[in-house]
Amino acid sequence: MVSLVALWLPILLAAVLVFVVSSIIHMVFSYHRSDVRDVPNEAAVMDALRPFDIAPGDYMVPRAASPEAMKSPEFQEKLAKGPVVFMTVMPKGPIAMGKSLTLWFLYSVVVGLFAAYVASRALPAGADYLAVFRFAGVTAFAGYGLALVQDAIWWNRSWTTTFKSLFDALVYALVTGGTFGGLWRGALAGEWGVGSGTLRDRVRNGDHSRRFPFLAPIRPAALPSGLRARRATRAPARHRSRRARGPSPRSRASWGRWE
């Protein structure tokens with residue numbers, strides 16, 4: 001079982017990436033612009049509703065107060081005449097995008113926490129990328145998408161709009177699963193934290209190329225002179241000789257678990 005604290009970076013990075021991807025989806029692509037439609041003669045409808053000063057909230061018109069009232073002839077007549085409306089009344093004034101964006105980011109963090117919890121309970125520390133991707137991605141898709149189907153079932157929300165939102169949820173799930181899969185081993189090995197096992201120290205000591213091949217070109221000689229001097233003074237002679245003759249069998253076995 002893996003600690004959730006060790007997965008702080010995948011949780012936060014997944015939320016940031018989902019936030020960026022969702023912004024691109026809604027600002028660059030246009031398939032969400034048809035999610036809601038205009039009412040006929042919008043000005044007349046607004047003028048008719050304005051005198052009632054309806055408070056912000058969710059409303060149904062017509063609405064029956066009890067199951068028995070739903071069966072009454074009067075209520076059935078209202079349904080037959082129409083219109084039948086489910087509506088959400090928002091506060092007057094400009095839409096507060098800052099609040100909504102903040103809540104959206106916090107929601108993405110919560111989804112990431114659930115993905116991290118499921119993956120950390122189901123997978124060992126040495127799990128491979130695809131296993132982590134599968135558990136974190138499926139959990140994220142459930143968090144972002146499945147509840148949207150309820151609105152289509154019970155509130156008559158357009159199924160087209162629902163499927164478009166489910167597609168968005170799939171994209172967010174892929175982003176979350178990929179983030180967790182890519183950072184899983186590094187997070188659990190302490191390479192994103194602070195301490196002697198961090199990536200910074202591995203680069204400083206010159207033993208980073210096996211775990212991080214893309215950093216192999218970095219050599220101690222390429223480091224600033226001050227850092228080379230500190231490295232030369234801090235590294236004990238036995239460490240320097242061990243590096244000269246290669247990793248010990250025990251070190252090779254330890255590295256093998258993370259490869």
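Descriptive notes on the structure:
- Residue count for the stretch 145-189, restricted to those that are over 22 Å from MET87 (Cα atoms) and not in a helix (DSSP H, G or I): 1
- Looking only at the stretch 118-160, and only at residues there that are among the charged types (D, E, K, R) and within 24 Å of ALA6 (Cα to Cα), the one that is surrounded by the most Cβ atoms within 10 Å (Cβ to Cβ): ARG134
- Selection within the stretch 10-22: residues that are aliphatic (A, V, I, L, M) and within 14 Å of ALA136 (Cα to Cα). The member of this set that is surrounded by the fewest Cβ atoms within 10 Å (Cβ to Cβ) is LEU12.
- Yes/no for ARG63 being open to solvent by 60 Å² or more (accessible area, probe 1.4 Å), basic (Lys, Arg) and more than 30 Å from GLY177 (Cβ to Cβ): yes
- Selection status of VAL39, in contact (Cβ under 8 Å) with a residue 12 or more places away in the chain and either of a type in the set (Val, Ile, Thr) or exposed (fewer than 12 other Cβ atoms within 10 Å of the Cβ) (or both): no
- ILE25 being open to solvent by less than 100 Å² (accessible area, probe 1.4 Å), closer than 26 Å to SER158 by Cβ, out of contact with any strand residue (DSSP E or B) (no Cβ under 7 Å at 6 or more places or on another chain) and assigned to a helix (DSSP H, G or I): yes
- Test: ALA96 is surrounded by 10 or more Cβ atoms within 10 Å (Cβ to Cβ), closer than 30 Å to TYR172 by Cβ and hydrophobic (A, V, I, L, M, F, W, C): yes
- Breaking point among (1) without any contact (Cβ under 8 Å) to a residue 12 or more places away in the chain; (2) touching a Lys or Arg at 6+ places or on another chain (Cβ under 9 Å), for GLY126: (1)
- Unique match (being over 30 Å from ARG185 (Cβ atoms) and open to solvent by less than 100 Å² (accessible area, probe 1.4 Å)) among ALA115, ALA69: ALA69
- Contacts under 7 angstrom Cβ, first residue in the stretch 53-68 being assigned to a strand (DSSP E or B), partner open to solvent by 90 Å² or more (accessible area, probe 1.4 Å) and not acidic (Asp, Glu), 6 or more apart: ASP58/THR88
- With respect to the conditions (1) open to solvent by 100 Å² or more (accessible area, probe 1.4 Å); (2) without any contact (Cβ under 8 Å) to a residue 12 or more places away in the chain; (3) in contact with a helix residue (DSSP H, G or I) (Cβ under 7 Å, 6 or more places away or on another chain), ARG50 lacks only one, and its number is (3).
- Under the condition of being over 8 Å from the mean Cα position of the chain (by Cα), assigned to a helix (DSSP H, G or I) and in contact (Cβ under 8 Å) with a residue 12 or more places away in the chain, the residues counted in the stretch 1-11 number 5.
The values are calculated or read from the model by the stated rules, or taken from the named source; none is laboratory data. Just so it is clear, the structure is predicted and the values come from calculations on it, not from any experiment. Note: ideal-geometry Cβ built from the backbone for every residue, glycine included; neighbour counts use all protein chains shown. Surface areas here come from the heavy atoms of the whole protein model, side chains and all, with no ligands, DNA or RNA. Shrake-Rupley method; radii C 1.70, N 1.55, O 1.52, S 1.80 Å.
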